[in-house]
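Novice: Supplied in structure tokens, the structure appears directly below.
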Amino acid sequence: MCGTPEELWEGRATVRMTTIDLMAADARGLTHGGFYFGMADYAAMLAVNDPNVVLGAAETRFLKPVQTGDDLLAQATIIGEKGKKRIVEVSVSRGEEIVFDGTFTCFVLPTHVFDA
């Protein structure tokens, strides 16, 4: 329920999702922000594209309300890299309008997080 990958390049990824009734936070169709936060996180992980990547932190902004039935596109790009740390900028848009953006701090671990 976090979208479908559309494109994957070195250090960049896009994910598309159409919000559905099950995502509604109320009877008027306001979509719960956790769904498009998850979509943005998924896009960030795909941009890093490593099996041992984990999210360490996120600084985000919910800019516009999202309604059930909206078609969303998340675009993620790595903007910084130092050692195991990756900084990924993500924006989620509905058409030309940005509804969510954020900076995700990801870490590429030497082994799976459960093996650490």
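Novice: Sort GLU89, GLU10 by heavy-atom solvent-accessible area, probe 1.4 angstrom, most to least.
Specialist: Working: GLU89 95, GLU10 180 Å².
These residues rank, largest area first, as GLU10, GLU89.
Novice: Same structure, new question: Ignoring ligands, DNA and RNA, what percent of the 1.4 Å accessible area of the chain is carbon and sulfur?
Specialist: Values: 3490 of 6760 Å².
Its accessible area is 52 percent carbon and sulfur atoms.
Novice: Enter the accessible area per residue of the chain (Å², integer; probe 1.4 Å; all protein chains in place).
Specialist: On the way: 6760 Å² over 116 residues.
Normalised by residue count, the accessible surface of the chain is 58 Å².
Novice: Just to check I understand the Karplus step: with θ = phi - 60° and J = 6.51 cos²θ - 1.76 cosθ + 1.60, what whole-Hz values come out for the range 12-18, glycine and proline as x?
Specialist: 9, 7, 10, 9, 10, 8, 9
Novice: If amide H atoms are built 1.01 Å from N in the plane of the peptide, which residues on other chains or at least 5 residues away come under 5 Å of the amide H of GLU81?
Specialist: Amide H to amide H, under 5 Å and 5 or more residues apart or across chains, GLU81 pairs with ILE87.
Novice: Same structure again: I need the phi-derived Karplus couplings for the range 74-79: 6.51 cos²θ - 1.76 cosθ + 1.60, θ = phi - 60°, integer Hz, Gly and Pro marked x.
Specialist: Going residue by residue, I get 9, 10, 10, 9, 6, 10 Hz, with x marking Gly and Pro.
Novice: Could you work out how much longer the chain between ALA24 and ASP71 gets when fully extended? Use 0.36 nm per residue separation minus the Cα distance between them, nm to one decimal. Before the final figure, lay out the partial values.
Specialist: Details: separation 47, 0.36 × 47 = 16.92 nm, distance 1.42 nm.
Once the chain is fully extended between ALA24 and ASP71, it gains 15.5 nm.
Novice: Would you mind checking the range 66-90 for residues with the amide N under 19 Å from a putative spin-label position 7 Å along Cα→C-beta of GLU96?
Specialist: 71-75
Novice: Let me ask something additional. Can you list residues whose amide H is under 5 Å from GLN67's amide H, if they're 5+ apart or on another chain and H is modeled 1.01 Å from N?
Specialist: Hits under the 5 Å cutoff: THR31.
Novice: Just to confirm the number: angle between the C-alpha axis of helix 33-48 and the first principal axis of the chain, 0 to 90 degrees, nearest 10?
Specialist: Approximately 30 degrees, to the nearest ten.
Novice: Could you work out how far apart the two model spin labels at HIS112 and TRP9 are, taking each label as a point 7 Å from the Cα in the direction of the beta carbon, and quote it in nm?
Specialist: Using points 7 Å along Cα→Cβ, the separation is 3.2 nm.
Novice: Tell me what the chain gives for mean residue ellipticity at 222 nm when only DSSP H runs of n ≥ 4 count, each as -39,500 (n - 2.57), the sum divided by the residue total, rounded to 500 deg cm²/dmol. Intermediate values should be presented prior to the final figure.
Specialist: Details: 1 runs with 16 residues, N = 116.
Computed mean residue ellipticity for the chain: -4500 deg cm²/dmol.
Novice: Sequence-distant or interchain residues sharing an amide H contact under 5 Å with LEU72, placed H: which?
Specialist: So LEU72 has HN proximity to MET17, THR18, THR19.
Novice: Per residue of the range 89-95, what does 6.51 cos²θ - 1.76 cosθ + 1.60 with θ = phi - 60° give for ³J(HN,Hα)? Whole Hz please, x for Gly and Pro, Karplus curve as stated.
Specialist: 8, 10, 10, 10, 10, 10, x
The values are calculated or read from the model by the stated rules, or taken from the named source; none is laboratory data. As the structure is a prediction and not an experimental result, all values here were calculated from the model. For neighbour counting, all protein chains shown are included, and Cβ atoms are generated from backbone atoms with ideal geometry for every residue, glycine included. When the accessible area is computed, the model is the full protein with side chains, heavy atoms only, and any ligands, DNA or RNA have been set aside. Shrake-Rupley method; radii C 1.70, N 1.55, O 1.52, S 1.80 Å.
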